[in-house]
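A.B. asks: Submitted below is the structure of interest, expressed as structure tokens.
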Amino acid sequence: MDRKLTIQTYQARGLNLVVKELAAFFGGVAKNNFTIEFFTVLVPIMALWEALPRLGVVSPFLVPPPSVVAVTFWELLANHGYLGHIGISLQRFFLGLAVALAAAIPIGILMGWNLFLRRHTLPLFQMLAPIPPPAWVPITIILFGIGLPMQVFLVFLGAFYPVLFNTYQGVKDTEPRYIASARVFGASEFTLIKRVYLPNSLSSIVMGVKVGIALGLVMLVVAEMVGAHSGIGWLLVESKDFFRIDRMVVCMLTLGFIGWFLIEVMKYLETKLALWKVGR
Amino acid sequence: MIAARKITKFFSVINPQGMAEGSTAVLSVSLEIADGEFVAIVGPSGCGKSTFLEILAGLQAPTEGEVYIAGKRVLEPLPSTRREMESYQKKYRFLSPIVNSLFEDIPKFETAMIFQDYAIFPWMTALENVLFTLELRGVARQDRAYRAREYLAMVGLSGEENKYPSQLSGGMRQRVALARALSVEPKIILMDEPFAAVDAFSRHKLQEDLERIWQQTKKTIVFVTHDVDEAVLLSDRVVIFSPQPGTVRNIIDICLPRPRRYCRDRLRELKDRVMQIYQYDATGEGIEYVI
């Protein structure tokens, strides 16, 4: 293997890998979700949703049928810059989530690893965590004003605690004999964290991130409802003021889709990272 | 050489009345093990032999007594007075005493330990498990793969390198654990009931392999087991622990030529002797030998 690898070959390999991973991801999503069993449930529901307003059983004004929702979705995209709203919402959400992960995972690992640190920090987090994140909204608005920092902070608050506690639990519950067996071979504590605690607690960290994504989305909507002039949450409140139920449904479905998609991504990541669990 | 001097280990346990109570796991055990010796520690379950082994490995601090391995002290004993306790707590405020250094891997060339339930990492393949210890030992990256394969071949695992432990049988997992322990090139291997969870056929094979590897590599092996057959078959010396609290009940030298599978009668005789000591401890009768 002394043939020189040029940048092009690396690029080609990278591209190949990306295409392969994407194909595997979407293939898996399609295979796991869009099964015949699921369609036997979905199709009647959609049919009912379409038929009931059209037949006048319920008011089509209050329950817009899917066809109307689809048209509204298209209209929002074309004339109202809906993609921009989605983009700005995602930006806020991912900033908040990134800060939450960057803070919660290391703190959780340290708390699970060391008794001294755990004794000092855990009670504080346990007392702060039960405060419902929406209760932070007023004080956040006063401290940060209305704008990106406030929205990011609220998303952060939603995602932080689930990730923190799940990481901490996963690290703390690491099988002691794995730790002991690495220690007798002279592993440093850093190696121990990297090679033993982390792989062992991976699934509970991913679990925490999934809950964090869900709560982060909740807080994104709350933040945008009370303190934003753009984004899906703001559009939702706007639609309420203009009594556009079809638009509200579009916003809700978009939020649902984002959450579902991100959780699918997490599932894929988990099987990718914890390959050793797949073979069972 | 391993020198254990008056090792005592004291636990507090909860008695049926729900009160805390003292329990002595190991009581004043002194034992010297020479280099290259194969020593088996046998005893009824719960007699503190595993605790003793963990003290030797430095995974638990003894309540009293000292362990020296090649002249170096393993772990200091736990404090016994209030004053000692305070200074101990102060000293180990941040990290517990069994913790290694924070960022630097310091391989322990003296000892390797094999646990009863394998304790190989389920998230690494057989090969990666061995690569991990080689990495801790500081073997150069390009040499690791072939060294790892070498050790896996030594325990008869060629061809299974890329399987995860969950895909391996119990006997194979124990072989991975053995390969991992050998890969550190330790002078001493401590084994805590290594073949207890393995079926009879694999155990037979593993025992033969262990004997062969021991003869090839000339390591010191301390082997904890509750299987008397295994102990008399493999070891140079059998150390018999009494039931709780664990003390050295007797030490039997076994001077039989290897391989020993063929001197059945002598093995049976030795086993009977050990069993009678057991029985005497349990019931106080049935002893024929003057010990």
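A.B. asks: Using +1 at the C-beta of Lys and Arg and -1 at the C-beta of Asp and Glu, which of A:228, A:243, A:259 has the Cα lying farthest in the positive direction of the dipole of segment A:65-278?
C.D. replies: With unit charges placed on the Cβ atoms, the residue in question is A:259.
A.B. asks: Still on this structure: Compute the whole-percent fraction of alpha carbon pairs in segment B:177-225 spaced more than 11 Å apart.
C.D. replies: More than 11 Å apart: 70 percent of the Cα pairs in segment B:177-225.
A.B. asks: Next up: Taking the Cα centroid of segment B:1-53 and of segment A:232-280, what is the distance between the two, rounded to the nearest whole Å?
C.D. replies: 57 Å
A.B. asks: Given labels modelled 7 Å from the Cα in the Cβ direction, how far is it in nm from residue A:102 to residue B:20?
C.D. replies: 4.5 nm
A.B. asks: Still on this structure, I have one more. Quick one: grab Rg to one decimal and Dmax as a whole number for the protein assembly as shown, Cα atoms only, in Å.
C.D. replies: 31.7, 102
A.B. asks: Which residues does the label zone of residue A:58 cover in segment A:236-269, counting backbone N under 17 Å from a point 7 Å along Cα→Cβ?
C.D. replies: A:244-253
A.B. asks: Whole-Hz ³J(HN,Hα) for each residue in segment A:204-214, computed from phi via Karplus 6.51 cos²θ - 1.76 cosθ + 1.60 with θ = phi - 60°, x for glycine and proline: what do you get?
C.D. replies: For segment A:204-214, the Karplus curve yields 6, 5, 4, 4, x, 5, 4, 4, x, 4, 4 Hz.
A.B. asks: Another one. Taking a cut-off of 30 Å, what percent of all Cα-Cα pairs in chain A are separated by more than that?
C.D. replies: Of all Cα-Cα pairs in chain A, 48 percent lie more than 30 Å apart.
A.B. asks: So how much slack lies between residue B:96 and residue B:268, counting 0.36 nm per residue of separation and subtracting their Cα-Cα distance, in nm?
C.D. replies: Going from the current span to full extension adds 57.3 nm.
A.B. asks: With the Cα gyration tensor of segment A:103-207 in hand, give its eigenvalues times 5 under a square root as the equivalent ellipsoid semi-axes, listed largest first in whole angstrom.
C.D. replies: 33, 13, 11
A.B. asks: Give me a comma-separated list of calculated 3J(HN,Hα) values for segment B:32-43, in order, Karplus coefficients 6.51, -1.76, 1.60 applied at θ = phi - 60°, integers in Hz, x for any Gly or Pro.
C.D. replies: Calculated HN-Hα couplings, in order: 10, 10, 7, 5, x, 8, 10, 10, 10, 10, 10, x Hz.
A.B. asks: How many Cβ atoms of partner chains, on average, are near each residue of A:148-154 if near means within 10 Å of its Cβ?
C.D. replies: What the average comes to for A:148-154 is 0.
A.B. asks: List residues of segment A:239-271, by number, whose backbone nitrogen lies under 20 Å from a label position 7 Å along Cα→C-beta of residue A:91.
C.D. replies: It comes to A:255, A:258-259, nothing else.
A.B. asks: Separation between the residue A:214 and residue B:279 pseudo-spin-labels, each 7 Å from Cα along Cα→Cβ, expressed in nm?
C.D. replies: The modelled label-to-label distance comes out at 6.3 nm.
A.B. asks: Amide H neighbours of residue B:114 under 5 Å, counting only residues 5+ apart in sequence or on other chains, H built in-plane at 1.01 Å?
C.D. replies: The answer is B:190, B:191, B:192.
A.B. asks: In the protein assembly as shown, what percentage of the DSSP-assigned beta bridges are antiparallel, given to the nearest 5?
C.D. replies: Bridges in the protein assembly as shown are about 55 percent antiparallel.
A.B. asks: For segment A:63-139, compute Rg over Rh where Rg is the Cα radius of gyration and Rh is the Kirkwood radius from the inverse mean 1/r over Cα pairs.
C.D. replies: Rounded to two decimals, Rg over Rh is 1.25.
A.B. asks: Related question: How large are Rg and Dmax for segment A:146-280 when calculated on the C-alpha trace, in angstrom?
C.D. replies: Computed over the Cα atoms of segment A:146-280, radius of gyration and Dmax are 20.0, 68 Å.
A.B. asks: Take the alpha-carbon centre of segment A:63-115, take the same for segment B:216-269, and report the distance between them in whole Å.
C.D. replies: 66 Å
A.B. asks: If you don't mind, there's one more thing I want to ask. So which chymotrypsin sites (Phe, Trp or Tyr not before Pro) in segment B:1-109 are both in a DSSP loop and have at most 16 other Cβ atoms within 10 Å of their Cβ?
C.D. replies: Filter output for segment B:1-109: B:92, B:94, B:103, B:109.
A.B. asks: Which of B:123, A:260 comes first, and how do the rest follow, when ranked by fewest Cβ neighbours within 10 Å?
C.D. replies: Lowest to highest Cβ neighbour count: A:260, B:123.
A.B. asks: Please get the size of the charge dipole for the protein assembly as shown, origin at its Cα centre, with Cβ charges of +1 on Lys and Arg and -1 on Asp and Glu, quoted in debye to the nearest 20.
C.D. replies: Using only the charged Cβ atoms, the result is roughly 880 debye.
A.B. asks: Right, here's the next one. Going by a ≥ b ≥ c, the root eigenvalues of the Cα gyration tensor, does chain B fall in the rounded group (a/c under 1.5), the prolate group (a/b larger than b/c) or the oblate group?
C.D. replies: Oblate, since a/c reaches 1.5 and b/c is not below a/b.
A.B. asks: Which whole-number percent gives the relative contact order of chain B, counting Cα pairs below 8 Å spaced six or more residues apart?
C.D. replies: 23 percent
A.B. asks: Using only alpha carbon pairs under 8 Å that are at least six residues apart, calculate the relative contact order of chain A and give it in whole percent.
C.D. replies: Relative contact order of chain A: 22 percent.
A.B. asks: So, in nm, how far is label residue A:26 from label residue A:148 when the simple model puts each one 7 Å beyond its Cα toward the Cβ?
C.D. replies: 3.1 nm
A.B. asks: With contacts defined as alpha carbon pairs under 8 Å and 6 or more residues apart, what's the relative contact order of segment A:128-280 in percent?
C.D. replies: 26 percent.
A.B. asks: Right, something else. Principal axes first, then extents: for the Cα atoms of segment B:124-223, list largest minus smallest coordinate on each axis, whole Å, largest first.
C.D. replies: If we take the Cα atoms of segment B:124-223, the spans are 38, 31, 19 Å.
We did not get these values from a lab; they are worked out from the coordinates using the rules stated. This structure is a prediction, so every number in the text was calculated from the model and none was measured. Positions of Cβ are generated from backbone atoms using ideal geometry, with glycine treated the same way; all protein chains shown enter the neighbour counts.
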